[in-house]
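J.: The structure's right below; bear with me while I get my questions together.
Please treat every number below as a calculation from the coordinates, not as lab data. These numbers come from a predicted model, not from an experiment. FYI the Cβ positions are ideal-geometry reconstructions off the backbone, even for glycines, and counts take in every protein chain you see.
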Protein chains: 2
Amino acid sequence: MTPQPSERVYAALRSAVLHGDFAPQQPLKPQELATTHGVSLAVAREALLRLVGEGLAERLPNRGFAVPATGAERWQQLAEARATIEPAALRLAIERGDLEWETRVRAAQHRLAGTPVYERDGDRHFSDAWSQAHRGFHRTLLEACGNDVLLDTFDRLWTASELARRWSVVSSPGRDGSAEHRALEEAALARDADRAAALLHHHVSRTAAALTE
Amino acid sequence: MTPQPSERVYAALRSAVLHGDFAPQQPLKPQELATTHGVSLAVAREALLRLVGEGLAERLPNRGFAVPATGAERWQQLAEARATIEPAALRLAIERGDLEWETRVRAAQHRLAGTPVYERDGDRHFSDAWSQAHRGFHRTLLEACGNDVLLDTFDRLWTASELARRWSVVSSPGRDGSAEHRALEEAALARDADRAAALLHHHVSRTAAALTE
DNA sequence: CGTACCGGGATAATCGATTATGCTTACTCG
DNA sequence: CGAGTAAGCATAATCGATTATCCCGGTACG
């Protein structure tokens, strides 16, 4: 009925870390989290251990937990890994996707195009709704690959990228993300694997290049 | 000095799961593990949660933990994912590797070639030493890619594959793995990215095809 | 003046017991 | 005789307290 304390604390902590409420390398003290969430130490520990498994926290033996260190280098490595893996998965998806997949891709693209990128004008951070739609579009593109392992890898890298982006100063001078997404959708639905893979590689690579050092 | 109980139990449990001491979907009862290892419930729980993070255990809310279900399908998906990702990483490694890398690749290949595959004649399972050398060779090949994210992904997939292989009946009729490894080493050190990537893709794909249904 | 040693305080790790939950089985009612 | 239900049991989840470890500051010695 009511969600388990463990689940609740885990979700709250995960959201907080991803939202940037804790600075990188900041210690995540079990005792503190336990009291603020009104639970026992074991529950806080459990939530932290689950975050470690997701790569959203680090375990320092006998020194507790901390938000993982992020920075320019990690951001670029994540982007490179995505640029390496995602186009290959997209090729599989284009080869295997059916009408159902095409439909979902169109829907996801439409949702993404219709979602405002920023909450307020001049905001530096993307809106939650847009982030969700963005992830949804990219994931939907790959879902037809029919390989849960590849999709898990995508999820993991995407989540890690969200954390890294939160702590990197990213600039996208004059970049038209919408156009890139539209072109990506078009190439995928046209079953042009070469073009789609190239577009996706370029899309992700520009993400890496958009880093202000 | 002496390793932390948590670490010890975690290592023991991890080894046991990978070694196949527990059948897939078999419940991993915290209480049982705690008593057999002479520790408290919290320690057993912690070890299990860490295993979940590695994909070596499943968490069923309010129903404890279990060894993940494996089977032909998962085995093939893992092989396909590896065949998708590893050749791409190898291209980066070939592009970026230096003399130090070449040296380590040669060393790893030599060690692998000189390690007996089976403990005893007619044994169905690979020897631990060979498994370690095999992993070492493949990982060393990729290490020059210089991308920790890709290497982490490799580690994760390899570990998952070891678990899946343990519970799949795999046959390799007339296959000469040594020759494939030698050819792979040769192509990599010759900096022939196309040939090396093709060989690696083929090598991993045959692993998937070697499944007896 | 620099370095090695030694408490004191904070925090992580562990424990044993308690509470909550989900499964099983026996029973009752239709 | 079958379906639904409720008690009992096994197990997971949680708690509060105890123990071990690390980090920091002070101090003595070279």
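J.: If amide hydrogens are placed 1.01 Å from N in the peptide plane, which non-local residues have theirs closer than 5 Å to the one on B:Cys145?
T.: For B:Cys145, whose amide H was placed from the backbone, the distant partners under 5 Å are B:Ala93.
J.: Please compute the Cα-Cα pair-distance distribution of the protein assembly as shown with 20 Å bins starting at 0, giving whole percents from short to long.
T.: 23, 56, 21, 0
J.: Just to be sure I understand: with springs between alpha-carbon atoms less than 10 Å apart, which residue in A:Glu32, A:Glu73, A:Glu143 has the highest mean-square fluctuation in the Gaussian network model of chain A?
T.: Among A:Glu32, A:Glu73, A:Glu143, the largest mean-square fluctuation in the Gaussian network model of chain A belongs to A:Glu32.
J.: Nearest-to-axis residue of chain A, judged by Cβ, for the A-to-B rotation, with distance in whole Å?
T.: Residue nearest the A-to-B axis, with distance in whole Å: A:Gly53, 1.
J.: P(r) for the stretch B:1-139: what percent of alpha-carbon pairs falls in each 5 Å bin, starting at zero?
T.: 2, 8, 13, 15, 15, 15, 15, 11, 5, 2, 0
J.: Here's another thing I want to ask about it. By count of other Cβ within 10 Å, fewest leading, how are B:Arg45, A:Arg59 ordered?
T.: Details: B:Arg45 20, A:Arg59 15.
With the sparsest Cβ surroundings first, the list reads A:Arg59, B:Arg45.
J.: Something else about it: Helix A:72-96 versus the longest principal axis of chain A: what is the Cα-based angle in degrees, 0 to 90, to the nearest 10?
T.: For A:72-96 against chain A, the angle is about 50 degrees.
J.: Which whole-Hz couplings ³J(HN,Hα) result when phi for each residue of the stretch B:135-148 is put into the Karplus expression 6.51 cos²θ - 1.76 cosθ + 1.60, θ = phi - 60°, listed in order with x for Gly and Pro?
T.: Once θ is set to phi - 60°, the couplings for the stretch B:135-148 become 4, x, 5, 5, 5, 4, 3, 8, 4, 6, 5, x, 10, 4 Hz.
J.: Hey, any idea what Rg/Rh is for the stretch A:56-213, computing Rh the Kirkwood way over Cα pairs?
T.: Numbers: Rg = 16.2 Å, Rh = 16.4 Å.
Rounded to two decimals, Rg over Rh is 0.99.
J.: May I pose another question? Take chain B, connect every pair of alpha-carbon atoms lying under 10 Å apart with a spring to form a Gaussian network, then pick out the residue of B:Leu151, B:Leu142, B:Leu99 with the largest mean-square fluctuation.
T.: B:Leu99
J.: Among A:His134, A:His202, rank each residue by its count of other Cβ atoms within 10 Å, from fewest to most, as a rough exposure measure.
T.: A:His202, A:His134
J.: Quick check on the exposure proxy: order B:Thr84, A:Thr70, A:Thr159 from fewest to most C-beta atoms within 10 angstrom. Walk me through the numbers on the way to the answer.
T.: Working: B:Thr84 24, A:Thr70 20, A:Thr159 16.
Final ranking by Cβ density, sparse to dense: A:Thr159, A:Thr70, B:Thr84.
J.: Using a 7 Å offset from the Cα along the Cα-to-Cβ direction at both A:Thr159 and A:Glu73, what is the distance between the two label points in nm, to one decimal?
T.: Each label point lies 7 Å from its Cα, and together they span 2.5 nm.
J.: Additional query: Looking at chain A as a GNM with Cα springs under 10 Å, which of A:His138, A:His201, A:His125 has the largest mean-square fluctuation?
T.: A:His125
J.: Which FRET efficiency value, to the nearest 0.05, is calculated for A:Ala42 and A:Val169 with the Förster distance at 35 angstrom and r the Cβ-Cβ distance?
T.: Values: r = 38 Å, r/R0 = 1.09.
So the FRET efficiency works out to roughly 0.35.
J.: Once you average over the residues of A:141-151, how many Cβ atoms of partner chains fall within 10 Å of each Cβ?
T.: Working: counts 0, 0, 0, 0, 4, 2, 6, 5, 16, 7, 2.
Neighbouring Cβ atoms belonging to other protein chains average 4 per residue here.
J.: When you take every Cα atom in the stretch B:43-99, what is the radius of gyration, and what is Dmax, the widest Cα pair distance, in Å?
T.: 17.1, 53
J.: Taking only the alpha carbons of the stretch B:5-66, what extent do you get along each of the three principal axes, in Å, biggest first?
T.: 27, 24, 19
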